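What follows is a short report on a single structure.
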Amino acid sequence: MPGTAHHTGHRDRLREKLTTAGGLALHDYELLELYLFRCIPRRDVKPIAKDLIARFGDLGGVATAPLEQLTTVKGVSEKTAAELKLIKALAERLAREQVIGRPAIASWSALITYCRTAMQHATTEQFRVLFLDRKNKLIADEILGEGTIDHAPVYPREVVKRALAHEASAIILVHNHPSGDATPSQADIEMTRSLMEICQPFEIVVHDHLVIGRENTASFKTLGLI
């Protein structure tokens, strides 16, 4: 079929562009096309890729979109939607490998990248704690609260309990603002100060509290709030 030959040629050209020029040379929809080739082998996937980017904004938006929303895009089956969830899982795993077991302060930019990869596109608020050992190496991270679009329950005693379980000497608090604005709220500030007071008798240091917005990240330490 003529159409099949055209699709095959287009796919070959796109793969060659990736291997010779690298991923930065490709548009978001082209990278998504390359991924969709394996999910939808005998169909022109460029319109699907473009529709997904138009609907969800960027690759991160596509990768974190709920399954039921992904399948509303023409050409995206439940199987394809499930395959798309692998993008975020891979990105998050790769970013985590750059920080786990390494000094958090020395790997600060990689740490921010990991937190943003994991949380910037979440549609509900999450509260994550990064646990550090005496050398400030990241030994574990856990989501200890998930909630609505503007609130995630935080239980300071649970944070301390998990820190003691990991034998952590320090922690970094992280939560996202699905609204997009990374500015800490008064409730964020009060909760952080309360948590610091509870951690103090256990000699657990709170190094920072990061707020992940859609476009930027706020640091309590940089803002002088810690």
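The values are calculated or read from the model by the stated rules, or taken from the named source; none is laboratory data. Note that the structure is predicted; figures quoted are calculated from it, not measured. As a convention, Cβ positions derive from the backbone with ideal geometry for all residues, glycine included, and neighbour counts pool all protein chains shown. These accessible areas exclude ligands, DNA and RNA; they are computed on the full protein's heavy atoms, side chains included. Shrake-Rupley method; radii C 1.70, N 1.55, O 1.52, S 1.80 Å.
Of the conditions (1) of a type outside the set (Asp, Glu); (2) over 19 Å from Leu223 (Cβ atoms); (3) out of contact with any strand residue (DSSP E or B) (no Cβ under 6 Å at 6 or more places or on another chain); (4) assigned to a loop (DSSP other than H, G, I, E, B), Ala122 clears all except one; give me its number.
Just one mismatch for Ala122, condition (3).
For Arg134, indicate whether it is within 17 Å of Ile105 (Cβ to Cβ) and of a type in the set (Lys, Arg). It would help to see each step written out before you state the result.
Values: within 17 Å of Ile105 (Cβ to Cβ): yes; of a type in the set (Lys, Arg): yes.
Yes: the conditions hold for Arg134.
So that you can scan it fast, the table gives a plain yes or no per residue for (1) open to solvent by less than 60 Å² (accessible area, probe 1.4 Å); (2) among the β-branched types (Val, Ile, Thr); (3) more than 24 Å from Arg102 (Cα to Cα); (4) free of Cβ contacts under 8 Å to residues at least 24 places away in the same chain:
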{"residue": "Pro156", "(1), (2), (3), (4)": "yes, no, yes, no"}
{"residue": "Pro184", "(1), (2), (3), (4)": "yes, no, yes, no"}
{"residue": "Ile198", "(1), (2), (3), (4)": "yes, yes, yes, no"}
{"residue": "Ile204", "(1), (2), (3), (4)": "yes, yes, no, no"}
{"residue": "Leu223", "(1), (2), (3), (4)": "no, no, yes, no"}
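Please identify the pairs in which a residue from region 82-96 that is more than 13 Å from Leu59 (Cβ to Cβ) and in contact (Cβ under 8 Å) with a residue 12 or more places away in the chain has its Cβ atom under 6 Å from the Cβ atom of a residue that is of a type in the set (S, T, N, Q) and surrounded by fewer than 15 Cβ atoms within 10 Å (Cβ to Cβ), counting only partners at least 6 apart or on another chain.
none
Among what's in region 41-83 and is of a type in the set (Val, Ile, Thr) and open to solvent by 20 Å² or more (accessible area, probe 1.4 Å), pick the residue that is nearest to Gly180 (Cα to Cα). Talk me through it step by step, then tell me what you get.
Filtering region 41-83 for residues of a type in the set (Val, Ile, Thr) gives 45, 48, 53, 62, 64, 71-73, 76, 80.
Those still in the list that are open to solvent by 20 Å² or more (accessible area, probe 1.4 Å) too: 53, 64, 71-72.
On the way: Ile53: 19, Thr64: 15, Thr71: 25, Thr72: 24 Å.
Out of the qualifying residues, it is Thr64.
Residues are listed down the side, and each one gets a yes or a no for (1) assigned to a loop (DSSP other than H, G, I, E, B); (2) within 16 Å of Thr123 (Cβ to Cβ):
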| residue | (1), (2) |
| --- | --- |
| Leu24 | no, no |
| Tyr29 | no, no |
| Arg38 | no, no |
| Gly60 | no, yes |
| Ala63 | no, yes |
| Val73 | yes, no |
| Lys79 | no, no |
| Leu84 | no, yes |
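Would you please name the residue that is modelled with the highest pLDDT, looking only at residues in region 132-143 that are among the hydrophobic types (A, V, I, L, M, F, W, C) and open to solvent by less than 40 Å² (accessible area, probe 1.4 Å)?
Only one residue fits best here, namely Leu132.
Which of the residues spanning region 93-134 are of a type in the set (Lys, Arg) and touching a helix residue (DSSP H, G or I) at 6+ places or on another chain (Cβ under 9 Å)?
Arg96, Arg102, Arg116, Arg128
Going by what's in this entry, would Ile105 be described as under 30 Å from His207 (Cα atoms), surrounded by 11 or more Cβ atoms within 10 Å (Cβ to Cβ), among the aliphatic types (A, V, I, L, M) and touching a residue at least 60 places away in the same chain (Cβ under 8 Å)?
Details: under 30 Å from His207 (Cα atoms): yes; surrounded by 11 or more Cβ atoms within 10 Å (Cβ to Cβ): yes; among the aliphatic types (A, V, I, L, M): yes; touching a residue at least 60 places away in the same chain (Cβ under 8 Å): yes.
The answer is yes for Ile105.
What pairs come out if I take residues in region 19-43 that are within 26 Å of Lys74 (Cβ to Cβ) and without any contact (Cβ under 8 Å) to a residue 40 or more places away in the chain and pair them with residues that are of a type in the set (S, T, N, Q) and surrounded by 10 or more Cβ atoms within 10 Å (Cβ to Cβ) whose C-beta lies under 8 Å away, six or more apart or interchain?
Within 8 Å, the pairs are Arg42/Thr4.
When you scan region 172-224, how many residues do you find that are within 16 Å of Thr117 (Cα to Cα), assigned to a loop (DSSP other than H, G, I, E, B) and of a type in the set (Gly, Ala, Ser)?
Number satisfying all stated conditions: 3.
Condition check: within 25 Å of Thr124 (Cα to Cα), open to solvent by less than 20 Å² (accessible area, probe 1.4 Å), of a type in the set (Ser, Thr, Tyr) and touching a strand residue (DSSP E or B) at 6+ places or on another chain (Cβ under 8 Å). Does Thr192 satisfy that?
Working: within 25 Å of Thr124 (Cα to Cα): yes; open to solvent by less than 20 Å² (accessible area, probe 1.4 Å): yes; of a type in the set (Ser, Thr, Tyr): yes; touching a strand residue (DSSP E or B) at 6+ places or on another chain (Cβ under 8 Å): yes.
Against the criterion (within 25 Å of Thr124 (Cα to Cα), open to solvent by less than 20 Å² (accessible area, probe 1.4 Å), of a type in the set (Ser, Thr, Tyr) and touching a strand residue (DSSP E or B) at 6+ places or on another chain (Cβ under 8 Å)), Thr192 qualifies.
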